[in-house]
Amino acid sequence: MSGNGKPKFAMYWAASCGGCEIAVLNIHEKILDVDANFEVVFWPVAMDAKYKDVEAMEDGSILLTLFNGAIRNDENEHIAKLLRKKSKLLVAFGSCANEGCMPALANLSNIQEIVDTAFSTPSTDNPQNIRPNTKFSVPEGELHIPTLYPVVRTLDQVVPVDYYMPGCPPESHQIAAVIDLVIQVLQGKAELPPAGSVIGVGNSTVCDECTRKRNEKKIKKFERIQHIMIDPELCILEQGVLCSGPATRSGCSALCPKAGSPCIGCYGPAEGAEDYGSRLMTAVASVVDSNDPAEIEKIFEGIPDPAGQFYRFNLAGSLLRFSKPAWKG
Amino acid sequence: MQRISIDPITRLEGHGKIEIFLDDEGNFANSYFQIPELRGFERFCVGRQVEEVPILTNRICGVCPEAHHMAGAKAVDAVYHVDPPRTGKMLRELLYSAFYCTDHTTHFYALAGPDFIMGPTAPVAERNILGVIHKVGLEIGGKVLQMRKYGHTVVEMIGGRKVHPCTSIPGGLTKGITEEQRVEIENMGRWAIEFAQFSLQAFNDIVLGNKEYVDLILGDIYTHHTYYIGTVDENNKVNFYDGKVSVVDPEGKRLGKYAANEYMDWIAEHVEPWTYLKFPYLKKVGWKGFVDGKDSGVYMATPLSRLNAADGMATPLAQAEYEKFYSTLGGKPVHQRLAIHWARLIELLYAAERWVELATDPEITSDNFRTIPTETPTEGVGIVEAPRGTLTHHYWTDERGITTKVNLIVGTTNNYAPIQMSTKKAAQNLIKKGGEVSEGILNMVEMAFRAYDPCFGCATHSLPGQMPLEIIIKDANGETVNILKQNC
Ligand code: SF4
Ligand code: SF4
Ligand code: SF4
């Protein structure tokens, strides 16, 4: 991973689980292509550089930065701004950076509640009700930890983003394809997609990639997956189990429905959908087999957690973004 | 008072930090291993359909989502009072065994191995996985990649996805495997056994054949006398997927065994205001601070802990290695933290043997992989052994199966107090006078927590396996007086 005037590459995790890094490492031997074509200047999981090394770089000197993880605290925001300044192309990589992912479900609660819950669980022994302090004096001096923000934000709510690469995590074959494309661009054999594009995805929906049989069937009742035996050939939604395929962007080759499990929406909104949750609700409403308001209401009782089911991955990126209590801090 | 900041510790999710304080004479005063992150899963998993929680909690960690998926799956089984059919449980354990092989392999070769294969004092630039590959050859490097690939292949076949598996639901799984897949899984498993044996042989040749390393392992600097926990089967053999959690004291005497739903009688979590992570300890002994010994409730949950807490391994090849381990290191329990690496390889062999055992069970391809729950959901606990320690998920629901409360005690968290103690001991032993802090201390501090394979991030899955450290020494006015770097 040495210099030689090669274009510079960086990858960083903010509030994230590390699955995005694993997905990149899972491109196996393609990693060597990254090494051959780029100078990796910052990538905490794979190589050794510090914040101050990034600070010392010239603005715009990193060609490509893959940024995963959401913005949860002041440290995340600081590094997002730093990398934006230093990078020509900043990619929001993975669901957390794109839409907040599951950690953004925290936006339904206020921050005090989040912290209080963690430090008063039934197994926590905390008689003095201690909470972590961002500044704390120990006998030897002062200790610091980052400040949590009241709401989880997506990367592009903090800094401008050039490209979006969704998925939780993005599938490795697509990561490899994106890296190939950038290398071709560097060699003058291809052109970059227009700024703001969603890359490493298909342009239809998961349903289009799904091999399950679909009829025009309508449903009278929503089921929970543990209560029925899923027919291995038939559309899961038609069997009454909420599947996010109709609202979700294609690209994963419908992995979850193939494994007998509904799509939960990790590739984010299908092309053109302004708000993922409302797109999914429309799709779901269209399979409900009733015109009687009372009966419809009864059918929708089968979806007991609409916030979690329609905005599982993308609350931070949705039109809703957060609840009132969260906004108040 | 001087302060030495190790910040950020990259490859510990980039979010770890050690603060070391020296007194005015430059002697070690104290150190703090801080975790600066909190995402709040225990709050936002409330109000969700409980069958989703094993998928939501996958996003706690992308390095071992399999562990969260399994602990979660067992918790939702318990919530619905449903016992999956034998095939369902075997499929989950098969996925889990393959995952263990991948995970332990990466840790050994990419992170821990370089210290031994290249030597703790080898040039920094060589002491990483690339150095290892140069030394042992590309063929072996290729084997390491192959092992990771095979493990992920099985995880995807049974779990639906390579990262964040999605197929376990209350009562079993959403799918089984075909005979064709079984054959493929079996073949990969047989290869994994050979790979594990090869890895143990390499450890034997490189580490045990070298007196310097043996002395390092047995030395006091990395030794702590604590309690140990680990899940065992009904014969008290190590088990990753199911059984009771065995607790042994620093003399190796079994204090007892607890079932998943009894965990709160045994484990409690202590809070310190200077970090976002809690410190679990043994409730029956009590929290006495960051100290060793029988009176202190500090325990460890690692591969070494599992071996210490069990009476042996359930598979023959791993059992032979287990016996050799204790006879070489002077009997049970072993307290030396660097021995965790050896224990990890013994577990790798066990996981590979178990993989083949399960893949060759005639019932593994049966269609009976699920039981539909009929009871009203209430409350349930699921425990599995994550590679980095016992993982506990506890969910409470209303009668519709909507979560009302969630409690999680995550793998690495178990080891937070020991990690704090080990890094402190290393610093304490190595820093006598502030001005004399040398580059050598950096790798020694590193080795103190690397043994735990801490998963504050993807430490185990890094490519060049060397932890970059930077120590900034400031005087009382906050002026930097010295900067020591390794790999920066
Ligand atoms: S997008 Fe998914 S895999 Fe990536 S960091 Fe977020 S939770 Fe992990
Ligand atoms: S709704 Fe789900 S199961 Fe049905 S076709 Fe779409 S992706 Fe496939
Ligand atoms: S099926 Fe849906 S949830 Fe599963 S990987 Fe594809 S987009 Fe993600």
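The values are calculated or read from the model by the stated rules, or taken from the named source; none is laboratory data. It should be emphasised that the depicted structure is a prediction, and the values quoted were computed from it without experimental measurement. Here Cβ is always computed from backbone atoms with ideal geometry, including for glycine, and neighbour counts include all displayed protein chains. Heavy atoms of the whole protein, side chains included, go into the accessibility calculation; ligands, DNA and RNA do not. Shrake-Rupley method; radii C 1.70, N 1.55, O 1.52, S 1.80 Å.
Solvent-accessible area of the range A:43-183 (1.4 angstrom probe, protein heavy atoms only): carbon and sulfur portion equals 53 percent. Taking only protein heavy atoms and a 1.4 Å probe, the accessible area of the range B:197-256 is 47% carbon and sulfur.
If exposed GluC sites (Glu not before Pro) are those in a DSSP loop with at most 14 other Cβ within 10 Å, what is the longest stretch of chain A that has none? Counting at most 14 other Cβ atoms within 10 Å as exposed, the longest clean stretch of chain A is A:59-190. Label point of A:Gln157 set 7 angstrom out along Cα-Cβ; within the range A:242-283, amide nitrogens under 17 Å from it belong to A:268-269, A:274-278. Within the range B:262-294, the residues that become at least 40 Å² less accessible when every protein chain is included than when their own chain is isolated (1.4 Å probe; DNA, RNA and ligands ignored) are B:Glu269, B:Val271, B:Pro273, B:Trp274, B:Tyr276, B:Lys278.
With a 10 Å cut-off around each Cβ of B:163-173, the average count of Cβ atoms from other chains is 5. Can you give me the distance in nm between label points at B:Asn235 and B:Lys135, each placed 7 Å from the Cα along the Cα-to-Cβ direction? Modelled inter-label distance: 3.7 nm. Each residue of the range B:199-212 was assigned a 3J(HN,Hα) from its phi angle through the Karplus expression (A = 6.51, B = -1.76, C = 1.60, θ = phi - 60°), giving 5, 5, 5, 4, 4, 4, 5, 7, 9, 6, x, 10, 4, 4 Hz with x at Gly and Pro.
Remark on A:Thr205: its backbone amide H falls under 5 Å from those of A:Ser250, a criterion applied only to residues 5 or more positions apart or on other chains, H modelled at 1.01 Å from N.
Note on chain A: with a GNM built from Cα contacts shorter than 10 Å, the maximum mean-square fluctuation among A:Gly200, A:Gly277, A:Gly260 falls on A:Gly260. In the protein assembly as shown, helical runs assigned H by DSSP with n ≥ 4 each contribute -39500 (n - 2.57); averaged across all residues and rounded to the nearest 500, the mean residue ellipticity at 222 nm is -10500 deg cm²/dmol. In units of the rule-of-thumb radius 2.2 N^0.38 Å, the range B:297-430 shows an alpha carbon radius of gyration of 1.37.
Among A:Val198, A:Val185, A:Val284, the largest mean-square fluctuation in a Gaussian network model of chain A, built with springs joining Cα atoms closer than 10 Å, belongs to A:Val185.
When chain A is treated as a GNM with alpha-carbon contacts under 10 Å, the residue of A:Lys86, A:Lys298, A:Lys220 showing the greatest mean-square fluctuation is A:Lys298. Using the Cα coordinates of the range B:257-358, the gyration tensor eigenvalues translate into equivalent-ellipsoid semi-axes of 29, 17, 13 Å, sorted from longest to shortest. Over 47 Å, how big is the tail of the calculated P(r) for the protein assembly as shown, in percent of all Cα pairs? Roughly 16 percent, rounded to a whole number.
Cβ-Cβ distance of B:Arg190 and A:Ala294, R₀ of 60 Å, FRET efficiency by 1/(1 + (r/R0)^6): the value works out to about 0.50. Note on B:Lys405 and B:Asp205: their simple-model spin labels are 5.6 nm apart, each label 7 Å out from Cα toward Cβ. If you take all other residues with their beta carbon under 13 Å from the beta carbon of A:Gln157, and give Lys and Arg +1 and Asp and Glu -1, the sum is +2.
For the range A:125-219, trypsin sites (Lys or Arg not before Pro) are listed when DSSP marks them as loop and at most 16 other Cβ atoms sit within 10 Å of their Cβ; the list is A:Lys189, A:Arg214, A:Lys217, A:Lys218. Rounded to the nearest 20, the size of the Cβ-charge dipole of the range B:272-385 about its Cα centre is 680 debye, with Lys and Arg at +1 and Asp and Glu at -1. With each label modelled as a point 7 angstrom along the Cα→C-beta vector, the B:Asp295-A:Glu223 pair spans 6.2 nm. Selection among B:Ala320, B:Thr423, A:Val115 by position relative to the dipole of the protein assembly as shown gives A:Val115 as farthest towards the positive end (Cβ unit charges, Cα centre). Across chain A, the convex hull enclosing all Cα atoms gives 177 Å³ per residue.
Taking every C-alpha pair closer than 8 Å and separated by at least 6 residues, the mean separation divided by the residue count of chain A gives a relative contact order of 19 percent.
Among the listed pairs A:Lys30/A:Lys52; A:Lys86/B:Lys149; B:Lys74/B:Lys278; B:Lys89/B:Lys257; A:Lys258/A:Lys298; A:Lys218/A:Lys298, those whose Cα-Cα separation exceeds 26 Å are A:Lys30/A:Lys52; A:Lys86/B:Lys149; A:Lys258/A:Lys298.
When only Cα pairs below 8 angstrom with a gap of at least 6 residues are kept, the range B:220-364 shows a relative contact order of 26 percent.
For the range A:220-329, dividing the convex hull volume of the Cα atoms by the residue count gives 122 Å³ per residue.
Annotation: per residue accessible area for the protein assembly as shown equals 34 Å², rounded to a whole number [probe 1.4 Å, protein chains only]. For the pair B:Lys284 and B:Met1, the difference between a 0.36 nm per residue extended length and the Cα-Cα distance amounts to 98.1 nm.
On association of chains B and A, roughly 7600 Å² of accessible area becomes buried (total for both chains; probe 1.4 Å).
In a fully extended conformation the segment linking B:Thr378 and B:Lys324 would gain 14.9 nm over its present Cα-Cα distance, using 0.36 nm per residue.
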